[in-house]
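Since the structure comes first, as structure tokens, the remarks are kept for the end.
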Amino acid sequence: RRVLFRSPSFVEAIAGRPDPTPEPAQIATASQMLARLVASGAVIALNLVGSPSGIVGEQPDFLITPEALPYLYALQPERNPKRTPSTRGAARVSPLAVEAFHILTREGALTAVQLRERLGREVTEAATLRALGELWHTMRVVSVPDEDAAPAHWELLSARHGRELNIGSTQSQTTALSILVSFYLQSAIAATAAEAEIFLSPLASRSRIRDVIHGLTATRQLASFPLNGEGQLYVEGTLPEISEEAEPVEAFGTNSAP
């Protein structure tokens, strides 16, 4: 199934219930499941929101399936996975991030500690993580978590999912965003336009997402139904069928008064 998850909701999904403050054991269980899913290629762990400091660590904030990856990649300003990252323009990264990219290209998967050693003794751990965060945020590298809670390995996203990136590089951004809106609504079953805008806001501006939703609604690819005074959007033909319950029959006792 095509699925997009925000990382906090993944912990709740594995626990099977909403919980804004999950226990450490629940987080550990979800982390192990995530490591297995990433290792099998069923899920890709991304960091699209980023951090104000630029240091994102090794925890993702967005999880997607390979089916969704081409369309998410199509929204990137730079869509050539083989080209060296630029230090200028909308998708610019620091010179240290460029050097980290070259090292991962030559040597393959490395932990942050191993990468730091190759970048040079004068490079701090914080600087290494910041460089990796830049590359992760621009979909150049991906974090591969360890099931036993050991440090994650980092490798080029194109090394694991080159086919999906090549497909995404040929897609128009409007088409890609339309497909991602549909993927989200199929995963959520139904949602308000505002909920779709908020969830997909790390991918594009809310106004742009709103325009895409209006276009899909105008062409009848999306429909809606009212619930608690709000319109719930859904992809035409995807709502589950629920059989109508029979009207309850009121039973009377044999000694009931007329």
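The values are calculated or read from the model by the stated rules, or taken from the named source; none is laboratory data. Quick caveat: nothing in here was measured; it's all calculated off a predicted structure. Virtual Cβ from ideal backbone geometry, glycine too; neighbours counted across all protein chains shown. Only protein heavy atoms, including side chains, enter the accessible area calculation; ligands, DNA and RNA are left aside. Shrake-Rupley method; radii C 1.70, N 1.55, O 1.52, S 1.80 Å.
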Being closer than 22 Å to G50 by Cβ, open to solvent by less than 60 Å² (accessible area, probe 1.4 Å) and at pLDDT 90 or above: is that true of S178 here? no
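Counting only residues that are part of a loop (DSSP other than H, G, I, E, B), in contact with a helix residue (DSSP H, G or I) (Cβ under 8 Å, 6 or more places away or on another chain) and either aliphatic (A, V, I, L, M) or modelled with pLDDT under 85 (or both), how many does region 23-57 have? Steps first, answer last, please.
Taking region 23-57 as the starting set, the residues that turn out to be part of a loop (DSSP other than H, G, I, E, B) are 23, 41-43, 47-57.
If we keep only those that are in contact with a helix residue (DSSP H, G or I) (Cβ under 8 Å, 6 or more places away or on another chain) too, we end up with 41, 43, 47-48, 50-51, 53-57.
Going one step further and asking which of them are either aliphatic (A, V, I, L, M) or modelled with pLDDT under 85 (or both), we end up with 43, 48, 50-51, 53-57.
Adding up the residues that qualify gives 9.
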Per the filter on region 12-41, residues of a type in the set (K, R) and surrounded by 12 or more Cβ atoms within 10 Å (Cβ to Cβ) are R36
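Residue-wise test of (1) in contact (Cβ under 8 Å) with a residue 24 or more places away in the chain; (2) more than 20 Å from D61 (Cβ to Cβ).
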residue	(1), (2)
P151	yes, no
S169	yes, yes
S187	yes, no
R210	no, yes
Answer yes or no: is there a residue in region 57-79 that is surrounded by fewer than 19 Cβ atoms within 10 Å (Cβ to Cβ), of a type in the set (G, A, S), touching a Pro at 6+ places or on another chain (Cβ under 8 Å) and touching a residue at least 24 places away in the same chain (Cβ under 8 Å). no
Taking region 116-149, which residues are touching a residue at least 60 places away in the same chain (Cβ under 8 Å), more than 21 Å from the chain's Cα centre (by Cα) and not in a loop (DSSP other than H, G, I, E, B)? A126
Sole exception among (1) in a helix (DSSP H, G or I); (2) closer than 28 Å to G89 by Cβ; (3) not small (G, A, S) for V113, by number: (2)
Identify, please: which residue in region 80-101 is over 20 Å from A152 (Cβ atoms), touching a Ser or Thr at 6+ places or on another chain (Cβ under 8 Å) and not aliphatic (A, V, I, L, M) and is, among those, most open to solvent (accessible area, probe 1.4 Å)? K82
